[in-house]
Amino acid sequence: MRPLHTSNTGQGLRALFLLVLSLWLASCSPSAQVYSFGGPTMGTSWEVTLAELPSGVRVKQLRTDIEVLLTTINQQMSTYIDDSDISRFNQAGPETWHAVPPDFARVLEAALALSHASGGAFDPTVGPLVNLWGFGPTGRRDQAPPAAEREAARARVGWQRLQWDAAHQRLLQPGGVYLDFSAIAKGYAVDRVGEYLSGQGVDAWLVDIGGEVRTRGRKADGEPWRIAVERPLAGTREINTVVRPGDMAMATSGDYRNFFEDNGHSFSHTIDPRTAEPVNHRLASVTVLHPSCMQADGLATLLTVLGPEEGMAFAARHNLAVLLIVREEDGFRELMTDSFRRYTEDTD
């Protein structure tokens, strides 16, 4: 699973796989008013684009409220913050109960549901392995960890060890469990910002946090929002597929931006909790469309762990809208579900 996303280092530890097309701006009519604003968050950046503003609503207030919202989520779910809710749980002694706030609870419940559905390919307790492989707050590494250290970290991983008391919104720390919400929390933050904007009467918006995107309505010129999925090539930015998500969210996970090499072998930041090692297959990137960005975010990582064959089988069973880009000797091969295809457009 992907490393925690809430450091304060530039664009963050996870690469951005989605680009909001600059064409949306170029195609707006001269009289169309577009509002775009953002800032840093979760080790990356956030951006909101609005096609219009309701009467009495001001950009300054929207920005302030969104910054407060994102700070609150970060304070709950960042392992890079020593006194965050998740850090205090991770540092707690065994057999202790911990009350968790509502946002934390929603993300936890979604993560546990994905863990159950995937047989552990998605696992929010993967933190010890993320840290061991150098993709967490403990710092980077340039060599694969020894087998004994991998096994010791693996022994601390297992979503089944978590005991969640939903009725009282509390979680048991059984001892040694280290939660990491990096594969789902950013998408949740996108959802919360979108919900806030709709609550303020904004009917058309695009929210982007580090490449996780959710859109509603249409652009100021009446055209649909258009999002580009990158071709998974290191060191370059090239459009692979253009998507019109409509009132949907879109998230992408891949292995070509955040990795290290040791003795001629590349180690991805996406960790398979079942093997205690970075994923090792031909799947280069996964893009998921879903009404919920939290779900799209988590599913993108889940499918990345499963790989191309298992991933497509999972997508078919659950009727998911997904695009998988697979490495071949002569380039790339696309695997796309029919439910994803209807959102794409020809880029030639």
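Counting the residues of segment 229-278 that are assigned to a strand (DSSP E or B) and at pLDDT 70 or above gives 17.
For segment 100-124, taking the residues that are over 16 Å from the mean Cα position of the chain (by Cα) and outside any helix (DSSP H, G or I), the one that is nearest to Ile184 (Cα to Cα) is identified as Gly120.
With respect to Thr138, determine if the residue is surrounded by fewer than 23 Cβ atoms within 10 Å (Cβ to Cβ) and among the β-branched types (Val, Ile, Thr). Against the criterion (surrounded by fewer than 23 Cβ atoms within 10 Å (Cβ to Cβ) and among the β-branched types (Val, Ile, Thr)), Thr138 qualifies. Just to be sure, is Leu172 buried (at least 18 other Cβ atoms within 10 Å of the Cβ), under 30 Å from Ala155 (Cβ atoms) and touching a residue at least 24 places away in the same chain (Cβ under 8 Å)? It is true that Leu172 is buried (at least 18 other Cβ atoms within 10 Å of the Cβ), under 30 Å from Ala155 (Cβ atoms) and touching a residue at least 24 places away in the same chain (Cβ under 8 Å). Condition check: within 26 Å of Thr252 (Cα to Cα), modelled with pLDDT of 50 or more and surrounded by 18 or more Cβ atoms within 10 Å (Cβ to Cβ). Does Ala51 satisfy that? Yes. Considered as a group, the residues in segment 150-168 that are touching a strand residue (DSSP E or B) at 6+ places or on another chain (Cβ under 8 Å) and not in a helix (DSSP H, G or I) include one that is surrounded by the most Cβ atoms within 10 Å (Cβ to Cβ), and that residue is Leu162. Screening the candidates Thr72, Thr44 for the property of being loosely packed, with under 15 Cβ neighbours inside 10 Å and within 22 Å of the chain's Cα centre (by Cα) yields one hit, Thr72.
Scanning segment 315-336 for residues that are of a type in the set (A, V, I, L, M, F, W, C) and either surrounded by 17 or more Cβ atoms within 10 Å (Cβ to Cβ) or in a strand (DSSP E or B) (or both) gives Ala315, Leu320, Ala321, Val322, Leu323, Leu324, Ile325, Val326, Phe332, Leu335, Met336. When both residues are 6+ apart or on different chains and their Cβ atoms are under 6 Å apart, which pairs have a first residue that lies in segment 144-157 and is touching a residue at least 40 places away in the same chain (Cβ under 8 Å), and a second that is of a type in the set (Val, Ile, Thr)? Going by the 6 Å Cβ cut-off, the qualifying pairs are Val157/Thr125; Val157/Val126. Here Trp97 fulfils each of the conditions (1) of a type in the set (Phe, Trp, Tyr); (2) farther than 15 Å from Tyr178 by Cβ; (3) not in a strand (DSSP E or B) apart from (3).
The values are calculated or read from the model by the stated rules, or taken from the named source; none is laboratory data. Bear in mind that the values here come from a model prediction, so they are computed numbers and not experimental data. Every residue, glycine as well, gets a Cβ built from its backbone with ideal geometry; the counts of neighbours run over all protein chains shown.
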